[in-house]
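Read the structure below first, then the notes.
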């Protein structure tokens with residue numbers, strides 16, 4: 001049996017995040033010890049320096065070196081740094097992506113602190129990633145992010161979902177977890193979703209190639225009462 005490509009496998013979403021701080025170099029993630037080493041590596045590669053790049057907090061597949069390389073091409077050079085952020089967590093967007101999974105979205109999480117990844121994009125890379133995010137809008141993050149590699153806090157952008165976030169039975173925003181488990185739960189709770197997408201995650205992924213079904217899924221999520229806006233990150237479609 002063929003092993004799914006981790007860069008495109010819908011049921012493997014969001015992929016493995018970068019392991020610590022480092023740099024994506026020609027499709028391979030290479031760890032760095034400190035900012036000086038990173039600066040030297042970027043200079044040796046004739047790449048845009050860190051201070052001329054745009055920091056973006058990654059809450060989904062953009063935190064995965066494999067998936068980011070698939071978006072930007074194998075020749076991309078992108079610093080990826082470990083970060084600590086307060087008041088934000090990784091939730092679930094209330095839509096089905098063109099890549100056939102139910103993706104992440106940032107959600108408000110007062111009092112919580114989470115370890116995430118900041119990707120540092122040059123202007124061309126930023127425009128390229130923007131084009132891959134039709135269901136999101138890049139907005140300034142309302143709080144600074146702690147990035148140990150740079151020795152302080154950084155003001156970042158984040159891709160805010162246009163469709164709100166999924167909530168659980170108690171009305172609390174869901175947290176992103178295993179994609180198969182998420183799809184099993186959503187299909188199990190909605191006969192209408194099963195009628196459109198089948199009974200299993202594998203059937204869901206096959207059916208989700210249809211744009212009309214993906215659009216209908218958003219309406220079903222709203223009708224089921226599963227969707228809530230997040231005021232800090234809500235963006236009008």
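The values are calculated or read from the model by the stated rules, or taken from the named source; none is laboratory data. Note that the structure is a prediction, hence the values are computed from the model and not measured. Heads up, the Cβs are rebuilt from the backbone with ideal geometry, glycines too, and the neighbour counts pull from every protein chain shown.
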- Going through the range 115-145 in order, the residues found to be crowded, with 18+ Cβ neighbours inside 10 Å, under 24 Å from residue 86 (Cβ atoms) and more than 14 Å from the chain's Cα centre (by Cα) are 120, 121, 141, 145
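With more than 16 Å from the chain's Cα centre (by Cα), at pLDDT 95 or above and either surrounded by fewer than 15 Cβ atoms within 10 Å (Cβ to Cβ) or at positive phi (or both) as the only criterion, which of 45, 38, 50, 75 stands out?
Just a single option satisfies the conditions, and that option is 45.
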- Does at least one position in the range 59-79 carry a residue that is in contact with a helix residue (DSSP H, G or I) (Cβ under 8 Å, 6 or more places away or on another chain), more than 21 Å from residue 134 (Cβ to Cβ) and in contact (Cβ under 8 Å) with a residue 60 or more places away in the chain? no
- Query: All but one of (1) part of a loop (DSSP other than H, G, I, E, B); (2) surrounded by fewer than 17 Cβ atoms within 10 Å (Cβ to Cβ) hold for residue 215; which doesn't?
  - Reply: (1)
- Query: Residues 88, 166, 126: which one is in contact with a strand residue (DSSP E or B) (Cβ under 6 Å, 6 or more places away or on another chain) and not in a strand (DSSP E or B)?
  - Reply: 126
- Select from the range 153-162 the residues that are surrounded by fewer than 21 Cβ atoms within 10 Å (Cβ to Cβ) and either modelled with pLDDT of 95 or more or on the phi > 0 side of the Ramachandran plot (or both) and list them in ascending order. 153, 154, 155, 157
- Item | From the options 193, 182, 187, residue that is assigned to a helix (DSSP H, G or I) and closer than 21 Å to residue 107 by Cβ | 182
